[in-house]
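**Student:** This is the structure I want to talk about, given as structure tokens.
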Amino acid sequence: MDLSLIVVAVVVTALVFDFTNGFHDTANAMATSIATKAMSPKVAVTVAGALNLVGAFLSVEVARTISSGLVDETRISPVVIFAGLVGAIMWNLLTWLLGLPSSSSHALFGGLIGATLVAAGTGAVQFGAVFTKVVLPAVISPILAGVIAMLATYLAYRTTARADDGTVKKGFKAGQILSASMVALAHGTNDAQKTMGVITLTLITAGALPTGSGPPFWVIFSAGLAIALGTYIGGWRIIRTLGKRVSEIETPQGFAAETSAATIILASSHLGFALSTTQVATGAIFGAGAGKRAAGVQWGVAGRMALAWIVTLPAAAAVGAVAAWVASRGTAGTIVVAVVAIALAAGIYAASRRNPVTADNVNDVPSPAPVPAGAPA
Amino acid sequence: MKIDWASLGTVALVSLAVSVAVVALVSFALVGLSARARANAVGGPDDGAPPPMNPALGTAVSGVCLLAVAAIVVYGLYVIVA
């Protein structure tokens, strides 16, 4: 039947989104560790992937609450979720091609909002919740993380200024392995959950699961596996941007950035003010760069990222809206959306092959990369 | 529209305190361990300054600092799991 086809489509699309979420966010945990050579690129992505998988099993709290708030879930159908996911995946792939660390959550929310607008009208989107849960955290996350990482970096350099150079370098390198692992684990407990929540919600709306049930084991396992595989593949373009293009990162800065990011992510997800992992990690790296020497930070890169962040939600919403409009024409429409999405994804992948960034060349950046001053804004 | 300033403030303060504490403790630990490295250095360039502290004391200080960090990390893991 149509219903089961669309449910299968949603599950597959959700897992694909989870996969893109994984490689998009490898950089959050590992960019600075790879840049300072605290871990080799291969080891770093393996550790991050494994910890994401472990994290997926540790808690399903986020998955249980994912459906509450942004859109009126009684008025959305599997088709809407499918279209929203397509929008999110497209935006994730595009920003990856450009090497920009945009928030996968924002892409997901954007896609869902756009699809809901088309399918159920403006009444089904709770714009107040969009502001408090998405826009405000997006502004606050990078600033808070930046300030904290900057203070921590400054402190680290001041404290160890007269200490033995070799000891300090080695010590912070060891610390980085731990702090990066904490970020990866925290990421696993957060981000894989979103996909689990989406799949569970779909199964509930399709009547395959009773209302209010938690994610079944196969959902937890496949979501954890998808994000872990994505993380292991590694979004090398974004890792290069965060590790090498923001500022020259040394081990004390890497440690301070990752420690701040891990702390803020954990504190925010457990004290009830959800912040975006990507924006926290990015802000922390800028802060760590500025904590040593503000002039050493490529602020032009920050401008481009800020622009990408502002555009993320509306852009994913636009794709989600178009996809929802086409997909709601029936089974044929859904198939058209899927085929077009696969074609676009293949095109983006082909474009990335023209200038591949891999584990082997991720750190090869002609230092001070000339950045056009002032992003087009 | 209700913005939960209280929990935002809590997140900011807790994050700041814990991040700074962890980074400071690790930095102190490394300063302590440096005393050891300098004591072991034989025939290195000596700037005439005495080592900041005696090697045994340095090791002890770094041990205490790293234990405190370990406690914070374990608590962080507990927060993730619970």
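We did not get these values from a lab; they are worked out from the coordinates using the rules stated. The shown structure was predicted, so the numbers you read here are calculated from the model rather than taken from an experiment. Ideal geometry is used to build each Cβ from the backbone, glycine not excepted, and the neighbour counts take in all protein chains shown.
**Student:** What residue among A:Thr259, A:Thr312, A:Thr331 shows peak mean-square fluctuation when chain A is described by a Gaussian network model with Cα springs under 10 Å?
**Tutor:** A:Thr331
**Student:** Classify segment A:133-209 from the C-alpha gyration tensor, please: rounded if a/c falls under 1.5, else prolate or oblate depending on whether a/b exceeds b/c.
**Tutor:** oblate
**Student:** To continue, here is another question. Where does each of A:191-201, B:14-24 land if you order them by average Cβ count within 10 Å, highest first?
**Tutor:** A:191-201, B:14-24
**Student:** Further question on the same structure: For A:Ile143 paired with B:Ala82, estimate the spin-label separation in nm (one decimal), with each label point 7 Å from Cα along the Cα-to-Cβ line.
**Tutor:** Going from the A:Ile143 label point to the B:Ala82 one covers 3.2 nm.
**Student:** Still on this structure, I have one more. Taking beta carbons within 10 Å but only from partner chains, what does the mean come to for residues A:226-238?
**Tutor:** For peptide A:226-238, the averaged partner shielding equals 0.
**Student:** Need the full-extension length gain, A:Val54 to A:Ala129, defined as separation in residues times 0.36 nm minus the C-alpha distance. One decimal, nm.
**Tutor:** Result: 23.9 nm gained on full extension.
**Student:** What is the mean number of Cβ atoms from other protein chains located within 10 Å of the Cβ atom of each residue in peptide A:257-264, rounded to a whole number?
**Tutor:** 6
**Student:** Related question: Give me the number: length gained by fully extending A:Val43 to A:Ile177, i.e. 0.36 nm times residue separation minus the C-alpha to C-alpha distance, one decimal in nm.
**Tutor:** 47.2 nm
**Student:** Taking other Cβ within 10 Å of each residue's Cβ, how do A:Glu258, A:Glu250 sort, fewest first?
**Tutor:** Going from least to most buried by this count: A:Glu250, A:Glu258.
**Student:** Also, I was wondering about something else. Over segment A:2-353, what is the relative contact order in percent, taking alpha-carbon pairs closer than 8 angstrom and at least six residues apart?
**Tutor:** Worked out over segment A:2-353, it gives 37 percent.
**Student:** Right, another one. Which of the DSSP-defined H helices in chain A satisfy a minimum axial length of 15 Å, computed from C-alpha atoms, and a minimum mean Kyte-Doolittle hydropathy of 0.5?
**Tutor:** Sorted by number, the helices that extend far enough and score high enough are A:2-35, A:41-58, A:78-97, A:104-120, A:136-159, A:217-233, A:299-327, A:331-353.
**Student:** Still on this structure: What is the distance in Å between the Cα centres of segment A:114-151 and segment A:197-227?
**Tutor:** 24
**Student:** Could you order peptides A:121-130, A:227-236, A:214-223 by the average number of other Cβ atoms within 10 Å of their residues, highest first?
**Tutor:** Sorting A:121-130, A:227-236, A:214-223 by mean packing, highest first, produces A:227-236, A:214-223, A:121-130.
**Student:** Could you rank the peptides A:183-189, B:4-10, A:49-55 by their average count of other C-beta atoms within 10 Å per residue, with the highest value first?
**Tutor:** Answer by packing, highest mean first, reads A:183-189, A:49-55, B:4-10.
**Student:** What Rg and what Dmax come out for segment A:2-353 when only alpha-carbon atoms are used, in angstroms?
**Tutor:** In Å, with Rg to one decimal and Dmax whole: 19.8, 70.
**Student:** Now a separate question. Just to confirm a number: summing +1 for Lys and Arg and -1 for Asp and Glu over residues other than A:Thr358 whose beta-carbon lies under 12 angstrom from that of A:Thr358, what do you get?
**Tutor:** Residues close to A:Thr358 contribute a combined charge of +2.
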